[in-house]
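Novice: One structure follows; several queries about it will come next.
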Amino acid sequence: MDRAWFAWGRPRSAGAGELISVQRRRANNWTPVLLLSGLWVQVVGWWLLAGQGLLPTVAAAVGVAVACRHLLEISHFAVHGVLARTATANWLLAEAFAHLPLGLTPVAIRRRRHVRDHHPRATAVGDPNLAELREAGLRPGVARTRFGLALLFPLTPRGVRATFATLVEVLRRSPGRAAAVGAVVAGAYLVGGAGAVVFGVLVPRLLLYPLLSWGSLLVEHTWFDPEHRSGSPAEMEAGRCLRLYPQKRLLSAVAAITWLPYGDLHHYAHSAHPSVRWNYLASLKRHLESPHFTPGALVLGDTSVVRRHWRALGSPSATVRRAVDIRPAV
């Protein structure tokens, strides 16, 4: 219903101003509630499958992780104020359906970190996302083995400890979040028993969902060798964003329903115009010039995302270039 409602009157290709005008006419507080509620219905369905055999249990763990990824990306648009009609509704929906039950940091903190600190400084000094990549080991001069481990950081012992420590710290500071996470665990147990708790809550939340989010972060920007440009927001973002799978419809579709949902596949269009809801990013993308890097593959091939990151960090000139230390164009 949310998809159909916002598709009404949507042009195939248009600039941000026209799309925002259509978006404002369709803005409401009810279809987002249905959308988010539907995701939690899916989670309950996966809990019913957990523990019913090897394949159903694996499917449940992956399915819950994907649902968590969707919840995070929908709440990301709430952080930008374009999920629902009012600021209060955006805040309440993000907290109630994503941040509280998943044990995430408060929406206000995420908004400050993402909107104020990341967007104007993407790929440059002061960007918290770039700092996170550096902390995982993705820095100039990195050895090949360390580089490979950093690509899978959430599954490494250090990454798992970091995920667990962050969750514990959030819950320790907020009894309300601890209660919400406890309610999720109790609900999983009532629906599917211990199997649902382990494979429908713990494994997705601590391992698989962080891995999907990490993969999304890796393909948002050419983090380590951006082209620093001047001009309009779109021109500046074209020099530091990428567009994965531009000509591969099947891979794009798989990514859009799993680890790059709700406009994350169109991160360049979002970065250029953060006030555009995900429903209109494809139309906006057709109106914009392509970003400076449009890889057809994630891992394999000379022009893949992973290969580009490796060349930017692992080459001898990377230590000298240190793209991460270039001052932001704000």
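Novice: Please go through the range 282-295 and give me each residue that is outside any helix (DSSP H, G or I), buried (at least 16 other Cβ atoms within 10 Å of the Cβ) and not hydrophobic (A, V, I, L, M, F, W, C), ordered by number. Working first, answer last.
Specialist: So the first thing to find is which residues in the range 282-295 are outside any helix (DSSP H, G or I), and the list is 288-295.
Going one step further and asking which of them are buried (at least 16 other Cβ atoms within 10 Å of the Cβ), we end up with 288, 291-293, 295.
Answer for the range 282-295, where residues must be outside any helix (DSSP H, G or I), buried (at least 16 other Cβ atoms within 10 Å of the Cβ) and not hydrophobic (A, V, I, L, M, F, W, C): 291, 292, 295.
Novice: Sort out which residues of the range 22-52 are free of Cβ contacts under 8 Å to residues at least 24 places away in the same chain, part of a helix (DSSP H, G or I) and surrounded by 13 or more Cβ atoms within 10 Å (Cβ to Cβ), and write them in order of number.
Specialist: 26, 38, 45
Novice: Give the range 202-240 a look and list any residue that's polar (S, T, N, Q), in a loop (DSSP other than H, G, I, E, B) and surrounded by fewer than 20 Cβ atoms within 10 Å (Cβ to Cβ), or say none.
Specialist: 230, 232
Novice: I would also like to ask the following. Being surrounded by fewer than 15 Cβ atoms within 10 Å (Cβ to Cβ) and hydrophobic (A, V, I, L, M, F, W, C) is the filter; apply it to the range 138-154 and report the residue that is farthest from residue 218 (Cα to Cα).
Specialist: Of the range 138-154, the ones surrounded by fewer than 15 Cβ atoms within 10 Å (Cβ to Cβ) are 141, 143-145, 148, 152.
When the remaining residues are screened for being hydrophobic (A, V, I, L, M, F, W, C), the result is 143, 152.
Details: 143: 18, 152: 10 Å.
For the range 138-154, the residue satisfying everything is 143.
Novice: Additional query: What are the residue pairs meeting all of these: first residue in the range 1-15, first residue closer than 21 Å to residue 287 by Cβ and loosely packed, with under 11 Cβ neighbours inside 10 Å, second residue modelled with pLDDT of 95 or more and among the aliphatic types (A, V, I, L, M), Cβ atoms under 6 Å, and 6 or more apart or on different chains?
Specialist: Qualifying pairs under 6 Å: 9/22.
Novice: Of all residues being under 19 Å from residue 253 (Cα atoms) and in contact with a Pro (Cβ under 8 Å, 6 or more places away or on another chain) in the range 296-330, which is modelled with the lowest pLDDT? Just the residue, please.
Specialist: 296
Novice: Also: Which numbered condition trips up residue 82, out of (1) β-branched (Val, Ile, Thr); (2) closer than 21 Å to residue 270 by Cα; (3) assigned to a helix (DSSP H, G or I)?
Specialist: Every condition holds for residue 82 apart from (3).
Novice: Yes or no: residue 121 under 24 Å from residue 155 (Cβ atoms) and touching a residue at least 12 places away in the same chain (Cβ under 8 Å)? I'd like the intermediate steps shown before the answer.
Specialist: On the way: under 24 Å from residue 155 (Cβ atoms): no; touching a residue at least 12 places away in the same chain (Cβ under 8 Å): yes.
For residue 121, the condition - under 24 Å from residue 155 (Cβ atoms) and touching a residue at least 12 places away in the same chain (Cβ under 8 Å) - is not met.
The values are calculated or read from the model by the stated rules, or taken from the named source; none is laboratory data. Remember, it's a predicted structure, so these values are computed and weren't measured experimentally. All Cβ positions, glycine included, derive from the backbone under ideal geometry; neighbour counts span all protein chains shown.
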